[in-house]
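Q: First, the structure itself, so that you have it in front of you.
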Amino acid sequence: MADEASVQALQTKLTIAEDSLQTKQILINELQDHIKDLERQQEKYEQRVQGEKRQLELDLATIKSEHEKCCNLMPAHVAIKSVNLGEKYLQMRNDRVQVAKSIGTLETFELLRHPNGMVSFKSTAFPNLYLSAEASKAGGSVTCSNTCGSREKFWINWANNARVGIEPVDFKGRFLMMYKDGFDKVSVQGGKGSWELFYIVLVR
């Protein structure tokens, strides 16, 4: 009887050990499946990163190409079109700057190139009249001037899809802005969001 009890006890222990091994194997299989899932996620992430990297390289190449085209065309006749407002263009009269719905002589500028990549926008309707920017801590304004000094010079900051920000040389970090506040307005503001993005449209 004692031997039979011992055998049964041993069998019980063996069964428990086998169950434990099965449980451990299940856990090992689940862990391996989890590792494989993580590896698949890592592979997808790396593929996405590579895709985004290639897209950024393409965007950069496009920006450089557009920049070179713009530089090669200078001086050129251009219009400044809002990205957010659709068919709205910067218009310069002999005493003020405002917004127009189409391109005419008042909306056409001669794009002049200066050293170090700076540009000026000269009116094609009025002789020796240039786009000018004024700015302060409270904000800024876009005006016109009969001289071409530092406040009539701008940096063209290329974004994606041929969009640009127009940054006054004298006011780093400020950008021309076209927005709607009751009616269409033009000003100079800090930051470069969608309201500060434009298309430089070639007129000729």
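Q: To the nearest 10 square angstrom, what accessible area does Val97 show with a 1.4 Å probe?
A: 20 Å²
Q: With a probe of 1.4 Å, find how much accessible area segment 66-204 has per residue, and write the answer as a whole number in Å².
A: Details: 6830 Å² over 139 residues.
Result: 49 Å² of accessible area for each residue.
Q: For Gln41 and Lys185 in one chain, what is 0.36 nm times their gap in residues minus the Cα-Cα distance, to one decimal in nm? Walk me through the numbers on the way to the answer.
A: Values: separation 144, 0.36 × 144 = 51.84 nm, distance 4.84 nm.
Taking 0.36 nm per residue and subtracting the Cα distance, the gain is 47.0 nm.
Q: Would you work out which of Met118, Gln47, Gly165 lies farthest towards the positive end of the dipole of the chain? Charges go on Cβ: Lys and Arg +1, Asp and Glu -1.
A: Met118
Q: Something else now. If you rank Met118, Met178 by how much accessible surface each has, with a 1.4 Å probe, what is the order from largest down?
A: Values: Met118 30, Met178 0 Å².
Reading off the accessible areas and sorting them downward yields Met118, Met178.
Q: Along Cα→Cβ, 7 Å out, is where each label goes; now give me the distance between the ones at Leu60 and Ser141 in nm to one decimal.
A: It works out to 4.2 nm between the two label points.
Q: Follow-up. Given Lys44/Lys88; Lys36/Lys192; Lys122/Lys192; Lys24/Lys53, which pairs have Cα atoms separated by over 32 Å? Let's see the in-between values first.
A: On the way: Lys44/Lys88 43 Å; Lys36/Lys192 44 Å; Lys122/Lys192 23 Å; Lys24/Lys53 43 Å.
From the list (Lys44/Lys88; Lys36/Lys192; Lys122/Lys192; Lys24/Lys53), the Cα-Cα distance tops 32 Å for Lys44/Lys88; Lys36/Lys192; Lys24/Lys53.
Q: Using only helices, what value at 222 nm comes out for the chain when you add -39,500 (n - 2.57) per DSSP H run of length 4 or more and divide by the total residues, to the nearest 500 deg cm²/dmol?
A: Numbers: 1 runs with 72 residues, N = 204.
My calculation for the chain gives -13500 deg cm²/dmol from helical runs alone.
Q: Still on this structure, please answer the following. Give the dimensionless ratio obtained when the Cα radius of gyration of the chain is divided by 2.2 N^0.38 Å.
A: Working: Rg = 33.1 Å, N = 204, 2.2 N^0.38 = 16.6 Å.
Normalised by 2.2 N^0.38 Å, the Cα Rg of the chain equals 1.99.
Q: Something else: I need the Debye-formula profile for segment 122-174: one equal scatterer per C-alpha, no solvent, reported as log10 I(q)/I(0) at q = 0.21 1/Å, two decimals.
A: Debye output, listed in q order: -0.80.
Q: According to the square roots a ≥ b ≥ c of the eigenvalues of the Cα gyration tensor, what is the shape class of segment 100-204, taking rounded for a/c under 1.5, prolate for a/b larger than b/c otherwise, and oblate for the remainder?
A: Details: a/c = 1.24, a/b = 1.12, b/c = 1.11.
Rounded shape, in that the Cα axes give a/c under 1.5.
Q: Report the label-to-label distance for Asn157 and Ile26 in nanometres (one decimal), using points 7 Å from each Cα along the Cα→Cβ vector.
A: 6.0 nm
The values are calculated or read from the model by the stated rules, or taken from the named source; none is laboratory data. Since we're looking at a predicted model, the values are computed, not measured. Using ideal geometry, Cβ is built from the backbone for each residue, glycine included, and neighbour counts are taken over all protein chains shown. Ligands, DNA and RNA are stripped out before the accessible areas are found, and what is left, the full protein with its side chains, is counted by its heavy atoms. Shrake-Rupley method; radii C 1.70, N 1.55, O 1.52, S 1.80 Å.
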